[in-house]
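Read-outs: derived from the displayed coordinates by stated rules, not from any lab. No experiment lies behind these values; they were computed from the predicted model shown. All Cβ positions, glycine included, derive from the backbone under ideal geometry; neighbour counts span all protein chains shown.
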């Protein structure tokens with residue numbers, strides 16, 4: 001059985017690469033994957049699977065005709081907050097697969113926001129025709145329930161993804177604190193300046209070594225490079241592309257201050273205290289569901305001293321998730337594997 005895996009793969013985003021790695025770990029052994037990728041050569045080399053260019057319509061159509069399964073492979077694919085075109089690409093491919101008679105699985109989805117009525121209508125029609133649907137958060141579950149579409153709710157599969165240690169990490173000074181910031185219109189230059197001042201004060205108070213961890217080079221690296229000179233000798237930019245290693249970073253970290261959803265999930269899964277800076281409803285939902293402290297960017301304090309003091313309080317008194325919580329989330333995340341096994345029976 002050949003399955004076409006469709007997501008934001010090969011685009012340099014650590015969270016989406018982690019979703020692909022998770023999907024490959026959980027895919028039934030009788031299924032042969034072929035990924036649609038923005039960088040097919042890299043995807044082939046990294047995961048040892050077949051991959052084709054996601055923008056090559058002839059190759060995509062030919063691959064669909066040769067396959068039996070089509071999988072939306074996790075993440076916020078169906079949302080129009082960042083792009084009105086992007087969800088139409090994914091919906092169009094899913095509808096084409098459905099018309100060609102493939103089994104179709106919307107897997108580990110985070111749906112929305114959907115601001116455009118047309119996109120919302122198309123999404124509803126497409127999800128309704130899927131062989132199986134699983135979602136990763138309560139907001140997506142509520143939307144599908146409102147639409148009357150059957151679904152399974154389980155935590156993001158990255159909770160259950162394997163991790164690998166990062167060579168040389170333990171040679172860096174301890175304690176270590178990881179920071180992940182991404183480009184976003186809500187993260188203004190003033191916010192970056194305030195966070196930088198707070199981070200400098202936080203480092204002096206804790207004597208922690210600061211790991212600046214970009215998850216997407218094009219979105220995160222420039223901010224890390226902007227902050228790094230203010231922490232000379234006590235910080236390092238850690239640019240990793242392998243999702244197993246990205247998760248492994250947090251094995252050796254006391255606390256993570258992060259914007260990206262999967263940086264928070266990876267950190268929490270590796271027994272790390274987390275502090276969130278939310279730019280998106282999916283991050284806010286995670287904060288609510290597993291009680292991560294943090295701020296919405298729009299309402300973040302403007303005083304660097306207040307920001308620093310809040311971080312210091314969490315550093316001193318905050319707790320990582322309990323072993324029972326982690327086991328529950330990992331076990332529940334594996335429900336996404338059961339969905340694949342049931343939908344893709346021989």
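Its residue count N fixes a reference of 2.2 N^0.38 Å for the range 2-153, and the Cα radius of gyration divided by that reference is 0.97. Sorted from longest to shortest, the spans of the Cα atoms of the range 93-144 along the three principal axes equal 30, 23, 13 Å.
So what's the angle, to the nearest 10 degrees on a 0 to 90 scale, between helix 138-147 and the longest Cα principal axis of the chain? Computed tilt is about 30 degrees.
Note on residue 138 and residue 317: with the Förster distance fixed at 30 Å, the Cβ-Cβ geometry gives a FRET efficiency of about 0.60. With the alpha-carbon atoms of the chain aligned to their principal axes, the span from lowest to highest coordinate is 61, 41, 39 Å, starting with the largest.
Computed from Cα atoms, the angle from the helix 86-99 axis to the main principal axis of the chain rounds to 30 degrees. When the convex hull of its Cα atoms is viewed from all sides, the range 169-328 shows a mean projected area of 8.7 nm². The peptide list 67-73, 308-314, put in order of mean Cβ contacts within 10 Å with the highest first, becomes 67-73, 308-314. Arranged from fewest to most other beta-carbon atoms within 10 Å of their beta carbon, 290, 227, 85, 265 become 85, 290, 227, 265. Computed over the chain, relative contact order equals 18 percent, with contacts defined as Cα pairs under 8 Å that lie 6+ residues apart. Calculated mean residue ellipticity at 222 nm for the chain: -13500 deg cm²/dmol, from DSSP H runs with n ≥ 4 weighted as -39500 (n - 2.57), summed, divided by the residue count and rounded to 500.
Using only Cα atoms, find the angle between the long axis of helix 217-227 and the longest principal axis of the chain, and express it within 0 to 90 degrees, rounded to the nearest 10. Long axis of 217-227 versus the principal axis of the chain: about 0 degrees.
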